[in-house]
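One structure is given below, encoded as structure tokens.
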Amino acid sequence: MREKILKVLRDYDLDEIKIGTLGSHSALNILKGAKDEGFETVCICRPKERIIYESFGVADEIIEVDDFKELLNDSFQDRLIKDNVILIPHGSFNAYLGQLNKIRVPFFGNRELMIWETDRFKQRKWLEMAGLRMPRSLKPEEIDGIAIVKYHGAMGGRGYFLVANRDDFYKKFEKLKAEGLVESLDDIEIQEYIVGANVYFSFFYSPMNERVELISIDRRYEAIDGIGRIPAEIQIKSGVFTSYTVIGNFPIVLRESLLAEALESAKAVVEVSKEIAYPGMVGPFCLETVFDDNAEMYVFEVSARIVAGTNVGVPISPYSYVLWGENMYMGRRIAREIRVAIEKDALGEIIY
Amino acid sequence: MREKILKVLRDYDLDEIKIGTLGSHSALNILKGAKDEGFETVCICRPKERIIYESFGVADEIIEVDDFKELLNDSFQDRLIKDNVILIPHGSFNAYLGQLNKIRVPFFGNRELMIWETDRFKQRKWLEMAGLRMPRSLKPEEIDGIAIVKYHGAMGGRGYFLVANRDDFYKKFEKLKAEGLVESLDDIEIQEYIVGANVYFSFFYSPMNERVELISIDRRYEAIDGIGRIPAEIQIKSGVFTSYTVIGNFPIVLRESLLAEALESAKAVVEVSKEIAYPGMVGPFCLETVFDDNAEMYVFEVSARIVAGTNVGVPISPYSYVLWGENMYMGRRIAREIRVAIEKDALGEIIY
Amino acid sequence: MREKILKVLRDYDLDEIKIGTLGSHSALNILKGAKDEGFETVCICRPKERIIYESFGVADEIIEVDDFKELLNDSFQDRLIKDNVILIPHGSFNAYLGQLNKIRVPFFGNRELMIWETDRFKQRKWLEMAGLRMPRSLKPEEIDGIAIVKYHGAMGGRGYFLVANRDDFYKKFEKLKAEGLVESLDDIEIQEYIVGANVYFSFFYSPMNERVELISIDRRYEAIDGIGRIPAEIQIKSGVFTSYTVIGNFPIVLRESLLAEALESAKAVVEVSKEIAYPGMVGPFCLETVFDDNAEMYVFEVSARIVAGTNVGVPISPYSYVLWGENMYMGRRIAREIRVAIEKDALGEIIY
């Protein structure tokens, strides 16, 4: 597959490279970053989100599609390829990854790692190989405190729920079965719930500079944050329920000494990536963590592409400033890497 | 009234326009923005807040008053008018809106919309005409979950309180009556309480560019956020009470796809404003919303002027950067609009 | 002692001043700030944190030590003195303050005030002399609501805990004794717990400009913030426990009118500092506060040096922008003061 993409790339006119993405997730970030580095931009968007990209004026061309699935059409791809478009994948690409081999348009990054990311077992293996501390995956009989239950029907954090202990788990699991939402234990995943501060690190691995860069840090803002503003008595009397639906992100900074473990972990994740999916990590990735009251870091997820949390760091974050001393954010960092690769005639090293 | 203001404006020396405001709320933001665009600035402030404006040095002239009500005096207004001052209204102006027709000094914006904003019924009508999803307004017998109760004595969020259900409402309402804080149901407003993430959008409607711009997004920081750090058991044992007193704001970014509804809503609010209060919206406005665990947006308030949450976006926010590519924040955006209107000799279109 | 330091300083080559600090806490902020003002930088760091300072490239020289205690060695100090190094103290210096008189290397700031900061009784006296509102210090029999208990073994917020009332206190205190963590009431401190919004103000007192500057405002992010995302029922059923371990910081802005009291308090703290420790405050200091639901400010701590919360304001905060109109943050502000003092040949006024 990689050879096929590189073959497409070889016909690109390096003086006319355009940067494109799907209109969603972190497209404003990506497209603005591309423009900051002097690229023409293409936004593939649906009618309902068109207003976003028109309002901000960061797309030189808006291609409207009824469904992002049109990206799988050969003729559509031919159009992008003819225009020398490099696609920047983000979270909204994940839904189509089962059919990744149908997309011949070059991606910035490593599409094979995105497949690792979306497979829970592969992802766990990756993090384990990197030696990272993770919340334990539990069988029902192993539940010994608060646990979080994720079931396959749940989308983007919605439907995830907590159980206080083993009994509480069985009660809620029976209820889910009665409601027809799950059939058996195979349909769910139970994980130790680490109580503490959640912290999302957005890194960039630069093949051009051969280094890991910390670009920004954020904390997710979810519907469940609303319960922290409801007195306990009211919560209990009303039986309020909510979930982990992601609404946005807060910028944060981390206690400086804790950066050491985060950076070591990021390097380990990059090293392992080279073993599991040649040529390994390229560009943005995110470690999703929680720090407990011993300030110990638990990694519960890795994303092998730009995450929406990087939007907090537009146009700059404390970390990107210390490193770069100029406006630098993930979308621009991506475009800068492409620019440097073009100048070095090394585009093949960052494309897959 | 508008004619009267425009008449005052006609005698202004366009080369000597000064920007003024009351020293409170978002005055640092407004005055710094004015200076960034090359205007002289005037800050009307009380002795106790003088230290703020002296410390930051953004006012070319500080006029000390014992009470903001002095703005209602004719001689005081004559002084401002003689100095070609355009006033930028903010939240602290609201207290005087009952007597707005006594202020002949030109305002940037549309003072009639500020009156709509301060009248609960008019505000609800405005939002309904714009077709926005709002929390339901409830009669006691309609309470079917957590509800928030606002009573007229309550100031700025202080005194608002939650009830878990109908019984809880009646119990707390009787207590308020016993304490003499309210007399009847007419003195309170009950609203469905949407559990989720609160999100405040600061928009700017530019008559010069005929477009809605998203300038920044914040989340309020209130005294009640303190309870999220008190374990439930301690809350219940201690009977802790607190309220919605606003203390500050956090900068946030929103999940990108949710921006579509926010932008559509903002456009609808602007369209309706033209029907209800000629010439319609001018400049900053805010939609105060909460997103539930279906990521559905409920608008619970509209402000027809700059809000204090825009202070998070000084000197720049991810959104203002994507749109403007330079330092841009609400105070500066206002001054820029005035600057452009002066150049186009169209000041009358943005003044009321 | 001060004379001794000034004597060391007199031999410094003012054209070759370097800025150094320990690699921890806010060193990225300090070192980047120094470089922005054109200084060479030295980072003294331990092997485990070396990765941080290598990743960000802000240290012209990294001196690796096994333990920060090496700073107490004469030969090590001679090396720094020979290189004209001015050290910028931060929170990680506090551990060595008992032996401060062993460090002859000039510090930016006033090391005597750092000793006041680390002594609870002295600190309380300082704040009382400045007339600030503080949470009451309580005897067990005075507990009349939620209180926070701090015991001497607890480090950096870890181990602090809340009690709901007097009975709850005695129960938990007996448990601590049974566990051998404390012996008597002398080992603990009980403080009224103010329910509300915690707010950390980072000020800079400039002897060169003779003024107090507000540089940034943050809110701590602690492990205990995790409980605000756990439904009350789950908290109670599971008996979840966590603590105040600091993980990071959020940038915030404050309701503008509340800045007046904060600025008055900062000035009072500076005035008192001149009485208690000649020559008084120099450079960064922090007031750690909480605002209750009357928006009343309680100061529970003062830090007489840069705090980690200032990292949120790199490279700029709303407040530093309004004052300075350029990228300005605590590390750079320190370096700027040193630069100005060198130009005025007044380095002795800001060194101790």
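The values are calculated or read from the model by the stated rules, or taken from the named source; none is laboratory data. Owing to the predicted nature of the structure, the values given are computational and were not obtained by experimental measurement. No Cβ is skipped: glycine too gets one built from the backbone with ideal geometry, and neighbour counts run over all protein chains shown.
Within segment C:298-313, does at least one residue satisfy the condition of being more than 12 Å from every other protein chain (Cβ to nearest Cβ), outside any strand (DSSP E or B) and in contact (Cβ under 8 Å) with a residue 24 or more places away in the chain? So far as segment C:298-313 goes, yes, one or more of its residues are more than 12 Å from every other protein chain (Cβ to nearest Cβ), outside any strand (DSSP E or B) and in contact (Cβ under 8 Å) with a residue 24 or more places away in the chain. Every listed requirement among (1) part of a helix (DSSP H, G or I); (2) within 9 Å of chain A (Cβ to nearest Cβ); (3) within 20 Å of the chain's Cα centre (by Cα) is met by C:ILE236 save one, (3).
Each residue in segment C:213-229 was checked for being within 7 Å of another protein chain (Cβ to nearest Cβ), of a type in the set (A, V, I, L, M, F, W, C) and buried (at least 24 other Cβ atoms within 10 Å of the Cβ), and 2 pass. Filtering segment A:177-212 to residues that are within 14 Å of another protein chain (Cβ to nearest Cβ) and of a type in the set (Lys, Arg) leaves only A:ARG211. Note on segment A:314-341: residues that are more than 23 Å from A:VAL42 (Cα to Cα), within 14 Å of chain B (Cβ to nearest Cβ) and not acidic (Asp, Glu) total 5. Scoring A:ASN249 on the criteria (1) at negative phi; (2) of a type outside the set (Lys, Arg); (3) assigned to a loop (DSSP other than H, G, I, E, B); (4) more than 10 Å from chain C (Cβ to nearest Cβ) leaves a single failure, condition (3). Of the candidates B:PHE108, B:PHE68, the single residue that is among the aromatic types (Phe, Trp, Tyr) and away from every other protein chain (no Cβ under 14 Å) is B:PHE108. Restricting C:SER55, C:SER24, C:SER75 to residues that are part of a helix (DSSP H, G or I), outside the structural domain of C:ILE334 (by the TED database) and under 25 Å from A:PRO318 (Cβ atoms) narrows the list to C:SER55.
Of the residues making up segment B:115-131, just one is polar (S, T, N, Q) and touching a residue at least 40 places away in the same chain (Cβ under 8 Å), namely B:GLN123. Evaluated against (1) within 26 Å of A:THR310 (Cβ to Cβ); (2) crowded, with 19+ Cβ neighbours inside 10 Å, A:LEU138 falls short on exactly one condition, (1).
Condition first: surrounded by fewer than 21 Cβ atoms within 10 Å (Cβ to Cβ) and closer than 20 Å to C:VAL65 by Cα. Now tell me which residues in segment C:31-46 satisfy that. If the condition is that a residue be surrounded by fewer than 21 Cβ atoms within 10 Å (Cβ to Cβ) and closer than 20 Å to C:VAL65 by Cα, then C:GLU40, C:ARG46 are the ones that fit. For C:ALA260, are the conditions met, namely being facing another protein chain (nearest Cβ under 8 Å), in a loop (DSSP other than H, G, I, E, B) and modelled with pLDDT of 95 or more? For C:ALA260, the condition - facing another protein chain (nearest Cβ under 8 Å), in a loop (DSSP other than H, G, I, E, B) and modelled with pLDDT of 95 or more - is not met.
For segment C:159-174, indicate whether the set of residues that are within 23 Å of C:ASP292 (Cβ to Cβ), outside the structural domain of C:ALA95 (by the TED database), assigned to a loop (DSSP other than H, G, I, E, B) and over 23 Å from the mean Cα position of the chain (by Cα) is non-empty.
Yes, segment C:159-174 contains at least one residue that is within 23 Å of C:ASP292 (Cβ to Cβ), outside the structural domain of C:ALA95 (by the TED database), assigned to a loop (DSSP other than H, G, I, E, B) and over 23 Å from the mean Cα position of the chain (by Cα).
Of the residues that sit in segment A:116-133 and are among the hydrophobic types (A, V, I, L, M, F, W, C) and surrounded by fewer than 18 Cβ atoms within 10 Å (Cβ to Cβ), which one is nearest to A:GLU275 (Cα to Cα)? Top of the filtered list is A:MET129.
Note on segment A:152-170: among residues that are within 11 Å of another protein chain (Cβ to nearest Cβ) and surrounded by fewer than 15 Cβ atoms within 10 Å (Cβ to Cβ), the one that is farthest from A:VAL302 (Cα to Cα) is A:ASP167.
Within segment B:105-123, how many residues turn out to be of a type outside the set (D, E, K, R) and assigned to a helix (DSSP H, G or I)?
Applying the first criterion (of a type outside the set (D, E, K, R)) to segment B:105-123 yields B:105-110, B:113-116, B:118, B:121, B:123.
Now drop any that are not assigned to a helix (DSSP H, G or I), which leaves B:113-116, B:118, B:121, B:123.
Number satisfying all stated conditions: 7.
Exactly one residue out of A:TYR329, A:TYR319, A:TYR298 is closer than 20 Å to A:SER92 by Cα and either surrounded by fewer than 24 Cβ atoms within 10 Å (Cβ to Cβ) or in contact with a strand residue (DSSP E or B) (Cβ under 9 Å, 6 or more places away or on another chain) (or both): that is A:TYR329. The residue that is surrounded by the fewest Cβ atoms within 10 Å (Cβ to Cβ), counting only those in segment B:60-112 that are under 19 Å from B:SER26 (Cα atoms) and of a type in the set (D, E, K, R), is B:ASP67. Considering the conditions (1) within 14 Å of chain B (Cβ to nearest Cβ); (2) within 21 Å of C:LEU31 (Cα to Cα), C:VAL149 is excluded by exactly one of them, (2).
Looking for something free of Cβ contacts under 8 Å to residues at least 24 places away in the same chain and assigned to a loop (DSSP other than H, G, I, E, B) - is there at least one such residue anywhere in segment C:189-202? Step through it out loud before you land on a result.
Looking only at segment C:189-202, we keep the residues that are free of Cβ contacts under 8 Å to residues at least 24 places away in the same chain, and these are none.
Looking for residues that are free of Cβ contacts under 8 Å to residues at least 24 places away in the same chain and assigned to a loop (DSSP other than H, G, I, E, B), one finds none in segment C:189-202, hence no.
Criterion applied to C:LYS237, C:LYS177 was being surrounded by fewer than 23 Cβ atoms within 10 Å (Cβ to Cβ) and either modelled with pLDDT under 95 or within 23 Å of C:GLU141 (Cβ to Cβ) (or both), and the one residue passing it is C:LYS177. Take the conditions (1) acidic (Asp, Glu); (2) over 20 Å from the mean Cα position of the chain (by Cα); (3) within 16 Å of A:SER216 (Cα to Cα); A:ASP293 misses just one of them, which is (3).
Residues are listed down the side, and each one gets a yes or a no for (1) in the same structural domain as A:TYR12 (by the TED database); (2) more than 22 Å from A:THR289 (Cα to Cα); (3) in contact with a helix residue (DSSP H, G or I) (Cβ under 7 Å, 6 or more places away or on another chain):
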| residue | (1), (2), (3) |
| --- | --- |
| A:ASP67 | yes, yes, no |
| A:ILE81 | yes, yes, yes |
| A:LEU87 | yes, yes, no |
| A:ALA95 | yes, yes, no |
| A:ASN101 | yes, yes, no |
| A:PRO140 | no, yes, yes |
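I'm checking my understanding of the structure. Among residues of segment B:264-282 that are within 14 Å of another protein chain (Cβ to nearest Cβ) and either in contact with a Phe, Trp or Tyr (Cβ under 6 Å, 6 or more places away or on another chain) or part of a strand (DSSP E or B) (or both), which one is surrounded by the most Cβ atoms within 10 Å (Cβ to Cβ)? So the residue we want is B:ALA266.
Only a single criterion out of (1) assigned to a strand (DSSP E or B); (2) within 25 Å of B:SER303 (Cα to Cα); (3) free of Cβ contacts under 8 Å to residues at least 60 places away in the same chain is not satisfied by B:ILE62, namely (2). Checked against the criteria, C:LYS102 does not count as over 21 Å from C:ILE306 (Cα atoms), touching a residue at least 40 places away in the same chain (Cβ under 8 Å) and among the charged types (D, E, K, R). Looking at the structure I just gave you, is A:PHE285 within 19 Å of the chain's Cα centre (by Cα) and either under 25 Å from C:CYS45 (Cα atoms) or crowded, with 21+ Cβ neighbours inside 10 Å (or both)? When the stated conditions are applied, A:PHE285 passes them. Annotation: A:GLY33 fulfils all but one of (1) over 22 Å from the mean Cα position of the chain (by Cα); (2) closer than 18 Å to A:VAL340 by Cβ; (3) in a helix (DSSP H, G or I); (4) of a type outside the set (Ser, Thr, Tyr); the unmet one is (1).
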